[in-house]
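Take a look at the structure below.
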Amino acid sequence: MRLKLLCASLAAMSLTACATVDMTSMAGTTSISAQQTSPQGNVVERAASKLYAVFVNKGWAAKASRKRVQSTANVLLKGLEPTVADMNAGSYADTATSYASLSSDIRAAQQHVDQTVKAAEVYLAMSDLGVNMRAELSSLEKALITSRQAEVVFSTALERLNRTDCPDFASYAARVNALRDVTDEYGQRVRQTSSPLKTAGLG
C-alpha cells in the first residue's frame, strides 16, 4: 500500500514539473487553439507588461495612456520615426553621467526586449489561425512604444556624453526593430481573423 502511495505521489510531482516547462520547449509540437491565460495574462502579455513596468520605473520611458498607444502604434509600425518631443521620457538623459552605467542600462533594456520578442514569436508560431490575438497585439504595441521611447532617451544620453559609437545601443535598436516586426505580424493576424470573409466562414 505504501509503495502504491509513493508511486502515485511521484507521478503527481512529475506532472506538476511538466506543467512548468517553458513554451519554447514545446515549439513545433503543440498548438494553441484557445486563449490560455493566467490572471496576469499569457506569456506575451506578461513579458510586455514586465518590460513596460521596468522601463517606466527606471525612467527610460514615460507612462503611456491608451489613447497615446493607439495613436502612436501606427506611426511606429509604418517605420516612421517619432519626434523626440513625442518620446520624451523625463530626466534620465540628464542624469546619465557615466558611459559605463548607461551601457549597462542599455544592455538591461535589451534583455527585456529580447524576452518579449521571443515570447511573441513562440506564441505566434504555436497558435492556431483562429486564435484572437487582440490582447497580445495591444500589449506588444505598448511595449514597442515604450522601447522606442527608451531608444530616443538612450540616444540623447549618448549624445550628451559625446559618444557617437556604442555597440550596445546599436544592438538594442536592432532588437527594437525585431519587436516592431513581430508586432506587425500580430497586427496582420488580427486583421486576418477579423476580416468579413473569416467572420462569415468563407475564408
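Structural remarks
- Taking amide hydrogens as placed 1.01 Å from N in the peptide plane, the amide H of C166 sits under 5 Å from that of no residue at least 5 positions away in sequence or on another chain.
- Per residue, the accessible area of the range 95-146 comes to 41 Å² when a 1.4 Å probe rolls over the protein heavy atoms.
- Per atom type, the range 87-179 shows carbon and sulfur on 46% of its accessible surface, probed at 1.4 Å.
- Sites listed here are trypsin sites (Lys or Arg not before Pro) in the range 139-200 whose DSSP assignment is loop and whose Cβ has at most 13 other Cβ atoms within 10 Å: R163.
- Ligands, DNA and RNA excluded, the heavy atoms of E151 present near 40 Å² of accessible surface to a 1.4 Å solvent probe.
The values are calculated or read from the model by the stated rules, or taken from the named source; none is laboratory data. All values reported here derive from a predicted model rather than from experimental measurement. All Cβ positions, even for glycine, are placed from backbone atoms using ideal geometry, and neighbour counts span all protein chains on display. Side chains included, ligands, DNA and RNA excluded: accessible areas come from the protein's heavy atoms. Shrake-Rupley method; radii C 1.70, N 1.55, O 1.52, S 1.80 Å.
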